[in-house]
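Working notes for the structure below.
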Amino acid sequence: MIKTENLTQQSVRDFVKAFNERDDDALRNAAPEFTFTIGSMRGLPTRELRSRFKAFVAVEEQDDGLTLTGFASQGLRLVPVRWTFTVDMFDRVEQLEVFLGVSVSEDGMRDIETELRENIPAQAAAAKFARARDENGRTHPQGTARRMRLGDHYLVHRWEAGSLRNVDWVSTSEKADDDVFRSVRSPSSGDHDDRGGGHRNVSSVSSHLELQLGWDGDGYQKATVSYWAKPYYWDAVKWYAEVRTLSDQYVPKITGKLTLTDPAGTEVSAEKITISGGRKPYKRTFSREFELGNLTPGTYTLSFTDAFKTGGTWADRHQDRVELTDHTVTFTIG
(Lines give C-alpha, C1' and ligand atoms only; values in the text may rest on other atoms or scores of the structure.)
Protein backbone atom coordinates (compact mmCIF):
# COMPACT_ATOMS: atom_id res chain seq x y z
CA MET A 1 0.00 0.00 0.00
CA ILE A 2 1.21 3.50 -0.85
CA LYS A 3 0.14 6.29 1.47
CA THR A 4 -1.50 9.20 -0.38
CA GLU A 5 1.16 11.65 0.81
CA ASN A 6 3.84 9.45 -0.79
CA LEU A 7 2.39 9.45 -4.32
CA THR A 8 4.88 10.71 -6.92
CA GLN A 9 2.78 13.19 -8.90
CA GLN A 10 1.74 16.32 -7.00
CA SER A 11 -1.45 16.76 -9.04
CA VAL A 12 -2.46 13.13 -8.53
CA ARG A 13 -1.60 13.36 -4.86
CA ASP A 14 -3.79 16.46 -4.44
CA PHE A 15 -6.66 14.81 -6.34
CA VAL A 16 -6.64 11.58 -4.30
CA LYS A 17 -6.31 13.46 -1.00
CA ALA A 18 -9.23 15.78 -1.85
CA PHE A 19 -11.32 12.85 -3.09
CA ASN A 20 -10.73 10.79 0.06
CA GLU A 21 -11.41 13.76 2.34
CA ARG A 22 -14.51 14.67 0.31
CA ASP A 23 -13.24 18.23 0.04
CA ASP A 24 -15.11 19.71 -2.92
CA ASP A 25 -13.16 22.98 -2.93
CA ALA A 26 -9.79 21.24 -2.94
CA LEU A 27 -11.00 18.84 -5.62
CA ARG A 28 -12.07 21.74 -7.87
CA ASN A 29 -8.63 23.32 -7.41
CA ALA A 30 -6.88 20.06 -8.29
CA ALA A 31 -9.17 19.28 -11.26
CA PRO A 32 -11.27 22.31 -12.37
CA GLU A 33 -12.27 20.79 -15.75
CA PHE A 34 -12.39 17.20 -14.58
CA THR A 35 -14.33 14.36 -16.23
CA PHE A 36 -13.81 10.59 -16.02
CA THR A 37 -14.40 7.49 -18.09
CA ILE A 38 -15.44 4.03 -16.92
CA GLY A 39 -16.15 1.26 -19.44
CA SER A 40 -18.15 2.68 -22.34
CA MET A 41 -19.31 5.73 -20.36
CA ARG A 42 -17.29 8.89 -21.00
CA GLY A 43 -17.27 12.46 -19.81
CA LEU A 44 -18.79 11.67 -16.41
CA PRO A 45 -18.63 14.39 -13.69
CA THR A 46 -17.11 14.31 -10.21
CA ARG A 47 -20.40 13.52 -8.46
CA GLU A 48 -20.68 10.32 -10.49
CA LEU A 49 -17.20 9.22 -9.35
CA ARG A 50 -18.25 9.93 -5.76
CA SER A 51 -21.43 7.89 -6.10
CA ARG A 52 -19.41 4.88 -7.31
CA PHE A 53 -16.46 5.00 -4.92
CA LYS A 54 -16.05 6.32 -1.37
CA ALA A 55 -12.27 6.16 -1.05
CA PHE A 56 -9.18 4.89 -2.87
CA VAL A 57 -5.71 3.65 -1.89
CA ALA A 58 -2.88 2.88 -4.28
CA VAL A 59 -0.81 -0.30 -4.17
CA GLU A 60 1.35 0.31 -7.26
CA GLU A 61 2.38 3.28 -9.44
CA GLN A 62 3.15 3.24 -13.18
CA ASP A 63 3.76 5.86 -15.89
CA ASP A 64 5.74 8.12 -13.55
CA GLY A 65 2.89 8.12 -11.07
CA LEU A 66 0.07 8.95 -13.52
CA THR A 67 -1.34 5.42 -13.28
CA LEU A 68 -2.31 3.97 -9.92
CA THR A 69 -3.43 0.40 -9.28
CA GLY A 70 -5.09 -0.28 -5.96
CA PHE A 71 -8.39 -0.77 -4.15
CA ALA A 72 -11.49 1.40 -3.85
CA SER A 73 -14.35 1.10 -1.38
CA GLN A 74 -17.68 0.53 -3.09
CA GLY A 75 -20.40 0.27 -0.47
CA LEU A 76 -19.28 -2.54 1.83
CA ARG A 77 -16.98 -4.07 -0.82
CA LEU A 78 -13.37 -3.37 -1.68
CA VAL A 79 -12.80 -3.63 -5.42
CA PRO A 80 -9.51 -3.71 -7.36
CA VAL A 81 -9.22 -0.77 -9.77
CA ARG A 82 -6.75 1.06 -11.95
CA TRP A 83 -6.91 4.85 -12.20
CA THR A 84 -5.07 6.46 -15.12
CA PHE A 85 -4.78 10.25 -14.98
CA THR A 86 -4.26 12.86 -17.67
CA VAL A 87 -2.98 16.28 -16.56
CA ASP A 88 -3.18 19.61 -18.42
CA MET A 89 -0.43 22.11 -19.12
CA PHE A 90 -0.95 23.64 -15.67
CA ASP A 91 -0.31 20.27 -14.00
CA ARG A 92 -3.94 19.84 -12.97
CA VAL A 93 -5.94 16.66 -13.39
CA GLU A 94 -7.98 16.88 -16.56
CA GLN A 95 -9.24 13.35 -17.11
CA LEU A 96 -9.37 10.05 -15.30
CA GLU A 97 -9.92 6.64 -16.83
CA VAL A 98 -11.14 3.97 -14.41
CA PHE A 99 -10.59 0.25 -15.11
CA LEU A 100 -12.37 -2.50 -13.16
CA GLY A 101 -11.54 -6.18 -12.92
CA VAL A 102 -7.79 -5.61 -12.82
CA SER A 103 -5.24 -7.77 -11.04
CA VAL A 104 -3.83 -6.22 -7.86
CA SER A 105 -1.45 -7.71 -5.30
CA GLU A 106 -3.26 -8.43 -2.04
CA ASP A 107 -0.14 -8.26 0.10
CA GLY A 108 -0.88 -6.28 3.24
CA MET A 109 -4.64 -6.58 2.68
CA ARG A 110 -5.39 -6.08 6.36
CA ASP A 111 -3.66 -2.67 6.30
CA ILE A 112 -5.53 -1.77 3.10
CA GLU A 113 -8.88 -2.67 4.68
CA THR A 114 -8.04 -0.64 7.79
CA GLU A 115 -7.10 2.36 5.65
CA LEU A 116 -10.28 2.25 3.54
CA ARG A 117 -12.75 1.37 6.29
CA GLU A 118 -11.33 3.20 9.31
CA ASN A 119 -8.47 5.62 8.68
CA ILE A 120 -9.72 7.42 5.57
CA PRO A 121 -13.29 7.89 6.89
CA ALA A 122 -11.88 9.24 10.17
CA GLN A 123 -9.52 11.60 8.33
CA ALA A 124 -12.36 12.76 6.08
CA ALA A 125 -14.56 13.52 9.10
CA ALA A 126 -11.74 15.41 10.85
CA ALA A 127 -11.00 17.41 7.70
CA LYS A 128 -14.68 18.26 7.27
CA PHE A 129 -14.94 19.58 10.84
CA ALA A 130 -11.68 21.52 10.39
CA ARG A 131 -13.23 23.36 7.42
CA ALA A 132 -16.69 23.99 8.89
CA ARG A 133 -17.30 27.31 10.66
CA ASP A 134 -20.09 28.41 12.96
CA GLU A 135 -22.06 31.67 12.80
CA ASN A 136 -19.14 33.48 14.47
CA GLY A 137 -16.61 32.17 11.94
CA ARG A 138 -15.05 29.76 14.47
CA THR A 139 -14.03 26.17 13.85
CA HIS A 140 -14.47 23.46 16.49
CA PRO A 141 -13.45 19.83 17.00
CA GLN A 142 -16.21 17.31 16.44
CA GLY A 143 -18.39 16.89 19.54
CA THR A 144 -17.69 20.33 21.03
CA ALA A 145 -20.49 21.27 23.45
CA ARG A 146 -22.22 24.62 23.62
CA ARG A 147 -25.19 26.03 25.56
CA MET A 148 -27.76 27.66 23.28
CA ARG A 149 -31.30 28.89 23.88
CA LEU A 150 -34.09 26.90 22.26
CA GLY A 151 -37.60 28.07 23.17
CA ASP A 152 -37.88 28.68 26.91
CA HIS A 153 -34.73 26.79 27.91
CA TYR A 154 -31.02 26.56 27.31
CA LEU A 155 -30.10 23.19 25.81
CA VAL A 156 -26.74 21.53 25.24
CA HIS A 157 -25.81 21.45 21.55
CA ARG A 158 -22.91 19.58 19.99
CA TRP A 159 -20.87 20.42 16.90
CA GLU A 160 -21.86 17.48 14.68
CA ALA A 161 -22.88 16.57 11.17
CA GLY A 162 -26.65 16.97 10.87
CA SER A 163 -29.23 15.13 8.80
CA LEU A 164 -28.00 16.79 5.59
CA ARG A 165 -24.37 15.99 6.50
CA ASN A 166 -23.71 19.66 7.09
CA VAL A 167 -21.72 20.42 10.23
CA ASP A 168 -23.71 22.56 12.65
CA TRP A 169 -24.90 22.79 16.26
CA VAL A 170 -27.14 19.79 16.91
CA SER A 171 -29.38 19.80 20.01
CA THR A 172 -28.99 16.95 22.50
CA SER A 173 -32.24 17.93 24.33
CA GLU A 174 -30.22 18.05 27.59
CA LYS A 175 -31.23 21.11 29.63
CA ALA A 176 -28.49 23.53 30.69
CA ASP A 177 -30.40 26.39 32.34
CA ASP A 178 -28.01 26.51 35.31
CA ASP A 179 -24.67 28.27 34.91
CA VAL A 180 -22.94 25.29 36.52
CA PHE A 181 -23.31 22.22 34.34
CA ARG A 182 -21.35 19.73 36.48
CA SER A 183 -19.21 19.93 39.60
CA VAL A 184 -16.44 17.63 40.85
CA ARG A 185 -14.05 17.86 43.78
CA SER A 186 -11.04 16.22 45.36
CA PRO A 187 -11.47 14.40 47.57
CA SER A 188 -15.00 13.54 46.49
CA SER A 189 -16.20 13.78 50.09
CA GLY A 190 -14.55 15.57 52.97
CA ASP A 191 -11.04 17.06 52.79
CA HIS A 192 -7.45 15.90 52.73
CA ASP A 193 -5.95 16.22 56.21
CA ASP A 194 -2.14 16.23 56.30
CA ARG A 195 0.19 16.57 59.28
CA GLY A 196 3.86 17.46 59.59
CA GLY A 197 6.21 19.67 61.53
CA GLY A 198 8.86 17.17 62.53
CA HIS A 199 8.37 14.05 64.61
CA ARG A 200 5.88 15.85 66.87
CA ASN A 201 3.34 16.53 64.06
CA VAL A 202 2.62 20.02 65.34
CA SER A 203 1.42 21.48 62.01
CA SER A 204 -1.50 20.36 59.87
CA VAL A 205 -3.45 21.39 56.77
CA SER A 206 -6.99 20.56 55.61
CA SER A 207 -7.54 21.15 51.90
CA HIS A 208 -9.71 20.46 48.90
CA LEU A 209 -9.87 21.22 45.17
CA GLU A 210 -13.14 21.81 43.31
CA LEU A 211 -13.92 22.20 39.62
CA GLN A 212 -17.16 23.57 38.20
CA LEU A 213 -17.90 22.93 34.55
CA GLY A 214 -20.02 25.73 33.13
CA TRP A 215 -20.44 28.13 30.22
CA ASP A 216 -18.81 31.36 29.09
CA GLY A 217 -20.60 34.42 27.64
CA ASP A 218 -20.86 32.86 24.17
CA GLY A 219 -22.14 29.56 25.52
CA TYR A 220 -18.89 27.59 25.14
CA GLN A 221 -17.66 25.40 27.97
CA LYS A 222 -15.34 26.70 30.66
CA ALA A 223 -13.94 25.22 33.87
CA THR A 224 -13.67 27.24 37.07
CA VAL A 225 -11.20 25.78 39.55
CA SER A 226 -11.08 26.73 43.23
CA TYR A 227 -8.77 25.49 45.97
CA TRP A 228 -8.60 26.16 49.66
CA ALA A 229 -6.31 25.06 52.44
CA LYS A 230 -6.77 25.69 56.16
CA PRO A 231 -3.53 25.53 58.21
CA TYR A 232 -3.53 24.62 61.92
CA TYR A 233 -0.99 24.33 64.70
CA TRP A 234 -0.98 22.06 67.77
CA ASP A 235 -0.73 23.60 71.21
CA ALA A 236 -0.85 21.36 74.27
CA VAL A 237 -4.30 19.80 73.93
CA LYS A 238 -5.92 20.83 70.64
CA TRP A 239 -5.52 22.19 67.10
CA TYR A 240 -5.86 25.94 66.51
CA ALA A 241 -6.21 27.88 63.26
CA GLU A 242 -3.04 29.77 62.32
CA VAL A 243 -3.32 33.43 63.34
CA ARG A 244 0.16 34.68 64.30
CA THR A 245 1.47 37.82 62.60
CA LEU A 246 4.81 38.44 64.40
CA SER A 247 6.70 38.43 61.07
CA ASP A 248 6.46 37.00 57.55
CA GLN A 249 7.88 33.64 58.62
CA TYR A 250 4.81 33.04 60.78
CA VAL A 251 2.40 33.58 57.89
CA PRO A 252 1.50 30.19 56.31
CA LYS A 253 2.41 29.73 52.67
CA ILE A 254 1.20 27.04 50.24
CA THR A 255 3.23 26.13 47.14
CA GLY A 256 2.28 23.59 44.45
CA LYS A 257 1.78 22.90 40.74
CA LEU A 258 -1.57 23.11 38.93
CA THR A 259 -1.61 20.97 35.76
CA LEU A 260 -4.25 20.28 33.11
CA THR A 261 -3.73 17.24 30.85
CA ASP A 262 -5.73 16.07 27.84
CA PRO A 263 -7.21 12.59 27.14
CA ALA A 264 -3.85 11.41 25.73
CA GLY A 265 -2.03 12.55 28.87
CA THR A 266 -0.41 15.52 27.12
CA GLU A 267 0.07 18.63 29.23
CA VAL A 268 -2.31 21.43 28.17
CA SER A 269 -1.19 23.92 30.80
CA ALA A 270 0.94 23.99 33.93
CA GLU A 271 1.41 26.70 36.56
CA LYS A 272 3.44 26.89 39.74
CA ILE A 273 1.27 28.50 42.40
CA THR A 274 2.27 30.14 45.67
CA ILE A 275 -0.35 31.46 48.11
CA SER A 276 0.76 33.73 50.94
CA GLY A 277 -0.18 36.92 52.74
CA GLY A 278 -3.76 37.92 53.42
CA ARG A 279 -5.68 38.36 56.62
CA LYS A 280 -6.00 35.99 59.54
CA PRO A 281 -7.27 33.39 60.05
CA TYR A 282 -5.13 32.21 57.17
CA LYS A 283 -7.41 30.25 54.87
CA ARG A 284 -5.25 29.85 51.75
CA THR A 285 -7.25 30.02 48.48
CA PHE A 286 -6.82 30.44 44.74
CA SER A 287 -9.05 30.11 41.66
CA ARG A 288 -8.46 29.77 37.93
CA GLU A 289 -10.62 29.68 34.79
CA PHE A 290 -9.93 27.53 31.73
CA GLU A 291 -11.62 28.24 28.39
CA LEU A 292 -12.54 24.87 26.85
CA GLY A 293 -14.34 25.80 23.60
CA ASN A 294 -11.44 24.90 21.30
CA LEU A 295 -10.17 21.80 23.11
CA THR A 296 -10.83 18.35 21.69
CA PRO A 297 -13.73 16.60 23.49
CA GLY A 298 -12.76 13.87 25.90
CA THR A 299 -11.79 13.24 29.52
CA TYR A 300 -9.33 15.72 31.01
CA THR A 301 -7.43 15.63 34.29
CA LEU A 302 -6.72 18.60 36.55
CA SER A 303 -4.28 18.13 39.41
CA PHE A 304 -2.62 20.15 42.16
CA THR A 305 0.53 18.27 43.05
CA ASP A 306 3.90 18.48 44.82
CA ALA A 307 2.33 20.91 47.26
CA PHE A 308 3.61 21.80 50.70
CA LYS A 309 2.91 24.29 53.46
CA THR A 310 5.57 26.33 55.22
CA GLY A 311 5.37 29.12 57.79
CA GLY A 312 3.16 29.29 60.82
CA THR A 313 3.35 29.18 64.59
CA TRP A 314 6.22 26.67 64.70
CA ALA A 315 8.30 28.38 62.00
CA ASP A 316 10.97 29.58 64.43
CA ARG A 317 11.64 25.94 65.37
CA HIS A 318 11.68 24.78 61.72
CA GLN A 319 8.68 22.55 62.35
CA ASP A 320 6.43 24.31 59.86
CA ARG A 321 6.63 22.13 56.73
CA VAL A 322 3.68 19.90 55.81
CA GLU A 323 3.70 17.80 52.66
CA LEU A 324 0.21 17.89 51.12
CA THR A 325 -1.61 15.01 49.47
CA ASP A 326 -2.07 15.45 45.71
CA HIS A 327 -5.49 16.59 44.48
CA THR A 328 -6.82 15.19 41.21
CA VAL A 329 -10.16 15.61 39.43
CA THR A 330 -11.29 14.34 36.03
CA PHE A 331 -13.99 15.92 33.88
CA THR A 332 -15.38 15.49 30.40
CA ILE A 333 -15.42 18.17 27.71
CA GLY A 334 -18.11 17.79 25.08
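Which parts of the stretch 220-255 would a label at Leu150 reach, counting a residue when its backbone N lies under 18 Å from a point 7 Å out along Cα-to-Cβ?
Zone members listed by number: 220-221.
Using a Förster radius of 22 Å, what is the FRET efficiency between Glu289 and Thr330 based on their Cβ-Cβ separation? Nearest 0.05, please.
0.75
With semi-axes √(5λ) of the Cα gyration tensor in Å in mind, check (1) 37, 20, 20; (2) 59, 19, 19; (3) 62, 22, 15 and report the label derived from this structure.
Answer label, from the structure shown: (3).
With labels modelled as points extended 7 Å from the Cα through the Cβ direction, what inter-label distance (nm, one decimal) is found for Asp262 paired with Asn119?
2.0
Quick check: the distance between the Cα centres of the stretch 316-331 and the stretch 65-124, to the nearest angstrom?
If we compute the Cα centre of each part, the gap is 60 Å.
Using a probe radius of 1.4 Å on heavy atoms only, what accessible surface per residue do you get for the stretch 203-334? Whole Å² is fine.
The answer is 47 Å² per residue.
Simple spin-label model, 7 Å along Cα-to-Cβ: Glu60 to Asn166 in nm?
Simple spin-label model gives 4.5 nm for this pair.
Starting from the residue with the highest accessible area, list Val170, Val98 in decreasing order, probe 1.4 Å.
Accessible-area ranking of Val170, Val98, largest first: Val170, Val98.
Using a basic spin-label model with each label point 7 Å from the Cα along Cα→Cβ, how many nm lie between Asn136 and Ser189?
With each label point 7 Å from Cα toward Cβ, the separation is 3.9 nm.
If you count only protein heavy atoms with a 1.4 Å probe, what accessible area per residue comes out for the stretch 74-157, rounded to a whole Å²?
Value for the stretch 74-157: 59 Å² per residue.
List, in order, the whole-Hz ³J(HN,Hα) value for each residue of the stretch 135-145 obtained from phi through the Karplus relation with A = 6.51, B = -1.76, C = 1.60 and θ = phi - 60°; use x for Gly and Pro.
5, 9, x, 9, 9, 9, x, 4, x, 4, 9
Counting only protein heavy atoms and a 1.4 Å probe, tell me what percentage of the stretch 206-274's accessible area is made up of carbon and sulfur.
46
Quick one: putting +1 on the C-beta of Lys and Arg, -1 on the C-beta of Asp and Glu, what dipole do you get for the stretch 23-67 around its Cα centre, in Debye to the nearest 20?
The calculated dipole for the stretch 23-67 is roughly 380 debye.
Only Cα pairs within less than 10 Å get springs; with that Gaussian network setup on the chain, which residue of Asp25, Asp191, Asp320 has the largest fluctuation?
Comparing Asp25, Asp191, Asp320 in the GNM, the peak value goes to Asp25.
Using a Förster distance of 25 Å, how high is the FRET efficiency between Ala241 and His199, based on the Cβ-Cβ distance and rounded to 0.05?
0.60
Determine the order of Tyr233, Tyr154, Tyr220 by accessible area, beginning with the largest, at a probe radius of 1.4 Å.
Tyr154, Tyr233, Tyr220
Ala126 to Met109: extension gain in nm, 0.36 nm per residue of separation minus the Cα-Cα distance?
Stretched fully, the Ala126-Met109 segment lengthens by 3.7 nm.
Let me spell out the model: positive unit charges on the Cβ of Lys and Arg, negative unit charges on the Cβ of Asp and Glu, origin at the Cα centre of the chain. What dipole size does that give, in debye rounded to 20?
With Lys and Arg at +1 and Asp and Glu at -1, about 1400 debye.
Could you give the dipole magnitude of the stretch 97-223 about its Cα centre, charging the beta-carbon of Lys and Arg +1 and that of Asp and Glu -1, in debye to the nearest 20?
I would put it at about 400 debye.
I want to verify a result. In a Gaussian network model of the chain, Cα cutoff 10 Å, which of these has the top mean-square fluctuation: Thr114, Thr305, Thr69?
Result for the chain, Cα springs under 10 Å: Thr114 fluctuates most.
Would you mind calculating the gained length between Asp177 and Ile273 on full extension (0.36 nm times residue separation, minus the Cα-Cα distance), in nm to one decimal?
So the chain would gain 31.2 nm between Asp177 and Ile273.
With all protein chains present, how much of the accessible area of the stretch 50-204 (probe radius 1.4 Å) comes from carbon and sulfur, to the nearest whole percent?
45
Rank His318, His140 by accessible area, highest first, at a 1.4 Å probe radius?
His318, His140
Add -39500 (n - 2.57) for each DSSP H run of 4 or more in the chain, then divide by its residues: what number comes out at 222 nm, to the nearest 500 deg cm²/dmol?
It comes out at -3500 deg cm²/dmol, rounded to the nearest 500.
The values are calculated or read from the model by the stated rules, or taken from the named source; none is laboratory data. Model, not experiment: these values are computed from the prediction. Cβ: placed from backbone, ideal geometry, glycine included. Neighbour counts: every protein chain shown. We work out accessible area using only protein heavy atoms, side chains counted, and drop any ligands, DNA or RNA first. Shrake-Rupley method; radii C 1.70, N 1.55, O 1.52, S 1.80 Å.
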